[in-house]
Every structure is written in C-alpha cells, then in structure tokens.
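Just so it is clear, none of the values below were taken in a lab; they were calculated from the coordinates. Since the model is a prediction, treat every value here as computed from it, not as a measurement. Virtual Cβ from ideal backbone geometry, glycine too; neighbours counted across all protein chains shown.
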Amino acid sequence: MRHLDVAVASLRLALVAWVSSGAVAGCASCSEGRVGDTSTPRDFREGIDLEFLQRHVAVLAADALEGRATSSAGLQAGAAHIALTMREIGLEPLEAGVEYRQTFDCGGAEPSSNVIGAIRGRDVQFRDEAIVISAHYDHIGRDHIGRDHIGRDHIGVSSEVTEVGQDLIYNGANDNATGVAAMLAIARAFAVAPEEPRRSLVFIAFCGEELGLRGSKYYVKHPAWPLESTVAVVNLEMLGHTLPTQPLDVWITGMELSNLGERFVRASVGTGVRFIPSTAVGPEEGGAFARSDNYPFAEQGVVAHTFSTGRIDALYHSLDDEIEHIDFDRMESLVEAIAIGVERLAEDVPTPAFVEPAVVEPAFIEPWVERPSSTDGAAHDP
C-alpha cells in the first residue's frame with residue numbers, strides 16, 4: 001500500500017493548494033459534572049479551527065475520490081489520507097504493523113480498512129478505559145448515467161446528469177466527510193493539549209457504513225481496544241447542514257436510552273450549543289439510532305450514540321451533497337462543544353450507563369441489514 005500512500009500524499013498537496021487558493025470561498029461560511037476531575041482545562045480552539053475542517057472535508061469530498069464507495073480506489077485513497085493525518089497528529093496505531101489500518105472484507109471486490117489511532121490516558125487507574133470517537137468515511141460512489149445509486153430514474157432531485165459529461169459523483173461532503181473531519185479535529189485538539197486525558201481516546205474511521213454498518217460490525221467482533229473497557233462511543237455523522245437555531249442544536253440518537261447525553265448538556269453550558277434528543281427534530285431523525293455505527297456497539301452493551309445536526313434533507317445521498325453547502329462557521333462551534341463533552345467523559349470518574357431497562361431497539365425503524373452490493377460497491381437504505 002506504500003505506493004498508494006505516495007499517490008494520496010501528492011493528491012493531498014494538490015487539494016490543499018486548491019483549498020488555500022480560495023476555491024472553497026463559496027461555502028456557506030467557508031461546571032457541573034466534573035466529578036473527580038484533576039485535569040488542566042483545555043482550550044480546544046487550538047486544535048479545532050475552520051481551516052482544518054475545510055481542508056479535510058475538501059480532500060475527502062473531492063471528485064478525485066469518486067464518492068468513496070466501498071471498496072473503490074477512492075475509498076482506499078480516503079483511508080490513506082486519514083492514516084497519514086493520524087500519523088501527523090501523533091496518534092498511536094493500535095493495529096501492529098499495518099499503519100493504523102484494520103483490513104478485512106468490508107464489502108465490494110477488494111478488502112478495505114477501518115482506520116484506527118489512539119491517545120493513551122495519563123491516569124494509571126483509568127488509562128485502560130477508553131472513549132471511542134468515530135465516523136464512517138465511505139459514501140455511495142458514482143452515478144450510473146441517468147439513474148441514481150440504486151437504479152431508479154432521476155425525477156428532478158438533481159440536474160447534474162441531464163447531459164453527458166456533467167458530474168456523476170456522489171461526493172458525500174456532509175455524509176460523511178464532515179464527521180471524519182470533526183473526528184480528526186477532536187483528535188488533534190487533544191493531541192496538542194497540555195496533558196493527556198485521564199482515560200484513553202480511540203479514534204476510528206469506519207468503512208462500509210453505507211453497505212449496512214459493515215465496518216463497525218466487524219470492529220465489535222475484532223476490537224482493537226477491548227469492548228469491556230470501552231466506556232462510551234461518540235459517533236459523528238453529517239455535521240455540516242445546521243438548523244437556523246440559536247443556540248445551535250446538535251441532536252443525539254437514542255438520547256433517552258442512557259445518561260450520556262446529560263454529560264454533554266451540562267458540559268455545553270455557555271458554549272452556544274445545545275444537545276437535544278433526535279426525536280425533537282423529526283421522526284426520521286428520531287428513528288436513526290439503529291442506522292449508524294453506534295448501533296453495533298450498543299448491541300454489545302456499550303453506551304453508544306450518534307451525534308448529528310440539521311435535518312435528513314433532500315441533499316442526503318444526492319449528487320448535490322457538495323462542499324459549498326457546508327456551514328463551516330457553525331460546524332466549528334458544534335465540534336468544539338462535542339470535544340468539551342468528550343473531555344467530560346474522559347475526565348469524570350463515573351461512567352455513562354444505559355437507563356434501566358436498557359432498550360437499544362428503537363420503535364421507529366428496523367436495524368440495518370446486509371444488502372447486496374451494486375456494481376460500484378455501494379448499497380443503501382430504502
């Protein structure tokens with residue numbers, strides 16, 4: 001894979017130069033609970049900034065990666081970019097000898113990888129416990145001319161395929177280049193902090209989410225960090241299309257199932273960001289607990305939720321999910337607030353728990369099931 005690393009490094013240089021030239025100027029805007037805390041307060045603004053988020057969304061959502069379908073060359077390039085970034089940040093690889101990659105059959109014609117790095121905790125009593133911060137980096141690939149990603153005729157959602165030569169790539173800027181960029185920014189913020197967190201932090205970019213949560217399903221069977229020592233999972237999804245609310249809302253799937261959301265509510269006081277149940281946004285958002293990579297962890301008894309913002313709108317899984325629709329100013333604010341909540345999970349002695357009785361099966365939607373791959377390796381929810 002070293003030749004791919006070199007190719008991706010060249011691609012990154014070109015894309016970073018493109019971003020720096022102003023090509024993304026059209027973007028929308030290109031306490032309590034500190035139980036037993038002995039940490040030095042962290043200023044997450046040093047690691048989480050607008051330029052960092054813009055740069056990584058631009059790289060992952062670039063046409064050159066062709067929609068990052070599992071297991072396309074574009075997905076492999078995305079994995080190489082994430083691994084190189086983890087190396088630059090200084091994360092510890094947990095998969096010995098394979099440079100941050102957990103490689104397996106994630107769907108499609110070729111093996112793909114989860115990409116995993118960690119920051120070890122400072123406290124000998126708690127460092128064997130970990131918080132997982134995750135995001136899937138795959139998307140749904142390319143359009144088949146005149147038809148969408150599951151073979152239906154286009155009916156006016158996008159005008160991009162009306163003429164030969166127009167854009168046929170599902171770039172997936174919001175879904176989920178924003179989640180990956182946020183995960184990397186949080187990793188960077190903790191890496192440059194004056195001291196390590198009390199507990200360890202494990203950062204995972206999953207493949208195969210669009211094929212039925214394949215990356216996270218594989219991980220919980222082959223964890224790089226023992227599940228019994230995994231305190232919580234904060235999964236990041238679609239953080240770039242915010243609702244026009246003040247304060248800025250971040251919704252948590254299945255928030256009522258555990259007390260994890262309460263930690264974020266308390267930690268966010270004064271940030272201008274509010275953490276709310278996904279059910280408060282709408283029925284589709286309210287039924288999303290089983291539709292993202294938190295769910296396989298929850299099935300194993302790990303407190304795990306997905307964090308998102310905005311509505312699941314017409315841009316979802318469309319050709320129009322492009323970087324110009326990302327509101328980076330507001331995204332920066334909400335990522336900082338999520339990082340503060342992660343800090344509380346890492347520092348507080350009490351760990352989050354499911355509300356008894358723990359019910360991880362939502363009423364609104366069936367859990368993900370395996371779906372056959374299409375010709376480009378992508379398969380999708382109804």
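Once R0 is set to 30 Å, what does the formula 1/(1 + (r/R0)^6) return for the Cβ-Cβ distance between Ala64 and Asp43, expressed as a FRET efficiency to the nearest 0.05? The formula returns an efficiency of 0.30 here. The length gained on full extension between Asp105 and Val192, counted as 0.36 nm times the residue separation minus their Cα-Cα distance, comes to 27.9 nm. For Ala135, the shell of other residues with beta-carbons less than 10 Å away shows a net charge of -3, using +1 for Lys and Arg and -1 for Asp and Glu.
Using the Cβ-Cβ distance between Arg127 and Leu50 with R0 set to 41 Å, the FRET efficiency works out to roughly 0.80.
Think of the range 233-312 as having a plus end and a minus end, set by charges on the Cβ of Lys, Arg, Asp and Glu; of Ala298, Ala288, Leu243, Leu243 sits farthest toward the positive end of this dipole.
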